[in-house]
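Asker: Questions regarding the structure given below will be posed in turn.
A short reminder: the numbers here are calculations on the coordinates, not readings from a lab. Since the structure is predicted, the reported quantities are computational estimates derived from the model, not experimental observations. Cβ coordinates were reconstructed from backbone atoms using ideal geometry, including for glycine residues, and neighbour counts include every protein chain displayed.
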Amino acid sequence: MLSTPIIQLVDRDPIALDVSESVSAAAGILSSGRFHHLPIIDGKNLVGMISASDILKINAALLDEDDSVTTAFIDARYNLRDVMTKDPITISDRGTVGDAAKTLSAGGFHSLPIVNQENHLIGVITTTDLVNHMLEGPVNAASSSETNRRLEALERVYTAVQHYLRSGLAESEHARLERAIEMAREADPS
């Protein structure tokens, strides 16, 4: 699961904004609620990331103003280069889920742009993508008969443990417990 290529988890045509676009254009996309991070590109090259938090920081000082006045002021005062995180940490398009998880957990952020060798934006992987991947892993992918087989094996282990604990550690119960554990391992080869 950790060795899964990240490129399998993401949309290869991510929504991104050109660095020449306005801050209000970024705010409009981010306010849709579909995502909280937006790559900023210059041509095909990744040059930055902007987050909903970045937009909130600008708007916080102007909360009492009319929306159209606020938007006009922000666009006149700021450009994306002023607001975005420049040269964000990235991951190669050849990276794995494990690589992304390590980078995200060490960095204290929740989104990671995926780039190729030319620094062209390929996609964005988020902590939500990783959690969803983990949830769709072996447990959910197993068929109902597979799940039933695993549950039966665990029930045999549980029953054997109960007998073992009540037996005063008798030799025959110990062997029975070991057999149940071995059968459970065979039922789940992962």
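Asker: Around PRO113, what is the net charge, scoring Lys/Arg as +1 and Asp/Glu as -1 over all other residues with Cβ under 11 Å from its Cβ?
Answerer: Values: positive: none; negative: ASP87, ASP93.
My count for the surroundings of PRO113 gives -2.
Asker: Next question. By count of other Cβ within 10 Å, fewest leading, how are ASP99, ASP129, ASP11 ordered?
Answerer: Details: ASP99 18, ASP129 21, ASP11 10.
Final ranking by Cβ density, sparse to dense: ASP11, ASP99, ASP129.
Asker: Here's another thing I want to ask about it. Determine the gain in length on full extension of the stretch GLU186-SER20; use 0.36 nm per residue of separation and subtract their C-alpha separation, reporting nm with one decimal.
Answerer: Numbers: separation 166, 0.36 × 166 = 59.76 nm, distance 5.88 nm.
Roughly 53.9 nm would be gained on extension.
Asker: Could you run the Karplus curve 6.51 cos²θ - 1.76 cosθ + 1.60 with θ = phi - 60° over segment 40-52 and give me ³J(HN,Hα) per residue in whole Hz, x for Gly and Pro?
Answerer: Using θ = phi - 60°, the values come out as 10, 10, 10, x, 9, 7, 6, 10, x, 9, 10, 10, 4 Hz.
Asker: Give the separation of the Cα centroids, segment 66-124 to segment 1-28, in Å.
Answerer: Measuring centre to centre over Cα atoms gives 8 Å.
Asker: Sort GLU21, GLU155, GLU118 so that the residue with the fewest other Cβ atoms within 10 Å of its own Cβ comes first and the one with the most comes last.
Answerer: Working: GLU21 16, GLU155 12, GLU118 7.
Listing GLU21, GLU155, GLU118 from fewest to most nearby Cβ atoms yields GLU118, GLU155, GLU21.
Asker: Additional query: If neighbour count is taken as other Cβ atoms inside 10 Å, put LEU2, LEU135 in order from fewest to most.
Answerer: Details: LEU2 13, LEU135 9.
If I rank by nearby Cβ atoms, fewest first, I get LEU135, LEU2.
Asker: Rounded to whole Hz and in sequence order, give me ³J(HN,Hα) for segment 81-89 from the Karplus expression 6.51 cos²θ - 1.76 cosθ + 1.60, θ = phi - 60°, writing x for Gly and Pro.
Answerer: Karplus-based 3J(HN,Hα) across segment 81-89 equals 4, 6, 9, 6, 7, 7, 6, x, 5 Hz.
Asker: Also, I was wondering about something else. Taking LYS57 as the anchor, which lysines have their alpha carbon closer than 19 Å to its alpha carbon, excluding any fewer than eight residues away along the same chain?
Answerer: LYS86
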